[in-house]
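Novice: Here's a structure for you.
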Amino acid sequence: MPGSHPITTLPLSDWHEPFDAGNSWQRELEEGRVLYCPDLSFRLEGTEERFFAAQWSDPKRKSIYIRHGNPELLGSTATGDDRDHLYAMLARFEQHSTALIERLCPSYQGKMRPAGTSFRPRAIGSDTRALSWRKDDRRLHVDAFPSNPTLGMRILRVFANVGDVARSWRVGEPFEDMARHFMSQIPKPSPIMAQLQFRLGITKRVRSDYDHFMLHLHDLAKADMQYQRDCQQIAFDFPPGCVWICFSDQVMHAAMAGQYMLEQTIHVPPQALAYPNETPLAILERLTARPLVEHAAG
Ligand SMILES: [Fe+2]
């Protein structure tokens, strides 16, 4: 999609309404576009709006979250009924998000795995602690996490603006253009180092060459202020009460401002994708002309 606007608007107003079967939304999502649903909102129930207050957050965490299938509520100081209500709000968002994605992308059914659901009650930029450039999500980046190699498992995210504040994003150039820009600066992966980091508990599994490239792309883009300023990009404000969806390991994104957002992470194994030639893994394997994952995620 060189040069084209990276956001597709979907005319959905209900999490469960039937889709127009002829749509190309799954293809656009897998090609690295952001699907934006201005008329779809996640409705709060009862007194859930009371959770829009700093008192429920653990001051050391940037979000309140749950992990699929785990009854714990993390990052929150809530107890008793408040804890249960907060947990239920997050679990309801997980259900809505997974139902939507299963209908949007039928080939993911039975294969995708819901991971974390989080609520971000804090305003972006309100954390006064010194933030390293590597953790600064106001810089354009693709998601890649040092301790958690994906081995090609995709990171799909559903976002909902639940407060009365817009969320301001920048969306950058297509993944392949960004990868070509930085590729020559990435050092060769070291299998010995990958093994060592796993044995020392630094990574949850042995980092694949793919994860090595993804981490370096994340870091190189964030560290390069000239790139941040000059690369092809658009600014977009997601208004209050909307939903948007993207593969955050593929879409160059930066969150500049906002507050009160719900976020669902869904892991999608590469075999479930309908357009596997468009993935960061496929693109990086084409650019390096070799396989980058020994034991594929599944
Ligand atoms: Fe991100």
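Quick note: the coordinates plus some simple rules give every number you see, no bench work behind them. No experiment lies behind these values; they were computed from the predicted model shown. Methodologically, a virtual Cβ is constructed for each residue, glycine included, from the backbone with ideal geometry; neighbour enumeration extends over all protein chains shown.
Novice: Using only the Cα atoms of the range 119-238, what do you get for the radius of gyration and for Dmax, in Å?
Specialist: Both quantities, over Cα of the range 119-238: 16.2, 50 Å.
Novice: What list of ³J(HN,Hα) couplings, whole Hz, do you get for the range 132-137 from phi and the Karplus terms 6.51, -1.76, 1.60, once you set θ to phi - 60° and write x for glycine and proline?
Specialist: 5, 4, 5, 9, 7, 7
Novice: Rounded to the nearest 500 deg cm²/dmol, what is the calculated helix-only ellipticity per residue at 222 nm for the chain, with -39500 (n - 2.57) per DSSP H run of length n ≥ 4?
Specialist: -8000 deg cm²/dmol
Novice: In addition: Have a look at Ser41, Ser190, Ser118 and tell me which one the Gaussian network model of the chain (Cα, springs below 10 Å) gives the largest fluctuation.
Specialist: Largest GNM mean-square fluctuation: Ser190.
Novice: Same structure, new question: To the nearest Å, what is the center-to-center distance of the range 229-280 and the range 68-136, using C-alpha atoms only?
Specialist: Cα centres, the range 229-280 to the range 68-136: 15 Å.
Novice: Tell me, what is the Rg over Rh of the range 226-298, with Rh the Kirkwood radius over Cα pairs?
Specialist: 1.03
Novice: Which one, Phe238, Phe52, Phe175, has the greatest fluctuation when you compute a Gaussian network model over the chain with C-alpha springs under 10 angstrom?
Specialist: Looking only at Phe238, Phe52, Phe175, the largest GNM fluctuation is found for Phe52.
Novice: Let me ask you something else. Past the 31 Å Cα-Cα mark, which pairs from Lys62/Lys204; Lys111/Lys188; Lys60/Lys111?
Specialist: Lys111/Lys188; Lys60/Lys111, as the Cα separations exceed 31 Å there.
Novice: If you don't mind, another one. Based on the alpha carbon coordinates of the range 130-190, what radius of gyration and maximum Cα-Cα distance (Dmax) apply, in Å?
Specialist: For the range 130-190, the Cα radius of gyration and maximum Cα-Cα distance read 14.9, 47 Å.
Novice: Each residue of the range 110-122 in order: what ³J(HN,Hα) in whole Hz does its phi give by Karplus 6.51 cos²θ - 1.76 cosθ + 1.60, θ = phi - 60°, with x for Gly and Pro?
Specialist: x, 10, 6, 10, x, 10, x, 10, 10, 10, 10, x, 8
Novice: Once amide H atoms are placed 1.01 Å from N in the peptide plane, what residues at a sequence separation of 5 or more from Arg167, or on another chain, have their amide H within under 5 Å of its amide H?
Specialist: Phe238
Novice: Shape of the range 195-250 from its Cα gyration tensor (a ≥ b ≥ c, root eigenvalues): rounded if a/c is under 1.5, otherwise prolate when a/b > b/c, or oblate?
Specialist: Oblate.
Novice: From the phi of every residue in the range 259-270, what ³J(HN,Hα) in whole Hz does the Karplus formula 6.51 cos²θ - 1.76 cosθ + 1.60 yield, where θ is phi - 60° and glycine or proline is x?
Specialist: Each residue of the range 259-270 in turn: 6, 6, 10, 9, 9, 10, 9, 10, 8, 10, x, x Hz.
Novice: Projected onto the charge dipole of the range 1-76 (+1 at Lys/Arg Cβ, -1 at Asp/Glu Cβ, origin at the Cα centre), which of Trp25, Cys37, Trp56 gives the Cα projection farthest towards the positive end?
Specialist: Most positive-ward Cα: Trp56.
Novice: Ordered by packing density, taken as the mean number of other Cβ atoms within 10 Å over each peptide's residues, highest first, how do 248-256, 161-169 rank?
Specialist: For the peptides 248-256, 161-169, the packing ranking is 248-256, 161-169.
Novice: Next question, about the same structure. Treating the beta-carbon of each Lys and Arg as +1 and of each Asp and Glu as -1, no other charges, what is the dipole magnitude of the range 25-83 about its Cα centre, to the nearest 20 debye? Provide the component values of the computation, followed by the final result.
Specialist: Values: 9 positive and 11 negative charges, 57 e Å.
Charge dipole, the range 25-83, about its Cα centre: 280 debye, nearest 20.
Novice: Go ahead and set up a Gaussian network model of the chain, Cα springs under 10 Å, then flag whichever of Ala21, Ala223, Ala272 fluctuates most.
Specialist: Evaluated over the chain, the most mobile residue of the options is Ala21.
Novice: Taking 0.36 nm per residue of separation and subtracting the Cα-Cα distance, what length does fully extending Arg134 through Thr9 add?
Specialist: Between Arg134 and Thr9, full extension yields an extra 41.9 nm.
Novice: Simple spin-label model, 7 Å along Cα-to-Cβ: Gln55 to Ser168 in nm?
Specialist: Rounded to a tenth, the inter-label distance reads 3.1 nm.
Novice: So, with +1 on the Cβ of K and R and -1 on the Cβ of D and E, and no other charges, what is the size of the charge dipole of the chain about its Cα centre, to the nearest 20 debye?
Specialist: Magnitude of the dipole: close to 1040 debye.
Novice: What's the percent breakdown of Cα-Cα distances in the chain across 10 Å bins, shortest bin first?
Specialist: Bins of 10 Å from zero give 6, 27, 36, 25, 6, 0 percent of pairs.
Novice: Give the dimensionless ratio obtained when the Cα radius of gyration of the range 49-104 is divided by 2.2 N^0.38 Å. Spell out each step's value before the answer.
Specialist: Details: Rg = 12.3 Å, N = 56, 2.2 N^0.38 = 10.2 Å.
Working it through for the range 49-104, the quotient is 1.21.
Novice: Another question, if that's okay. Please report Rg over Rh for the range 168-298, where both radii come from the alpha carbon positions and Rh follows the Kirkwood definition.
Specialist: In the range 168-298, Rg relative to Rh is 0.98.
Novice: For the chain, what is the relative contact order in percent, using Cα pairs closer than 8 Å and at least 6 residues apart in sequence?
Specialist: Dividing the mean separation by the residue count of the chain yields 31 percent.
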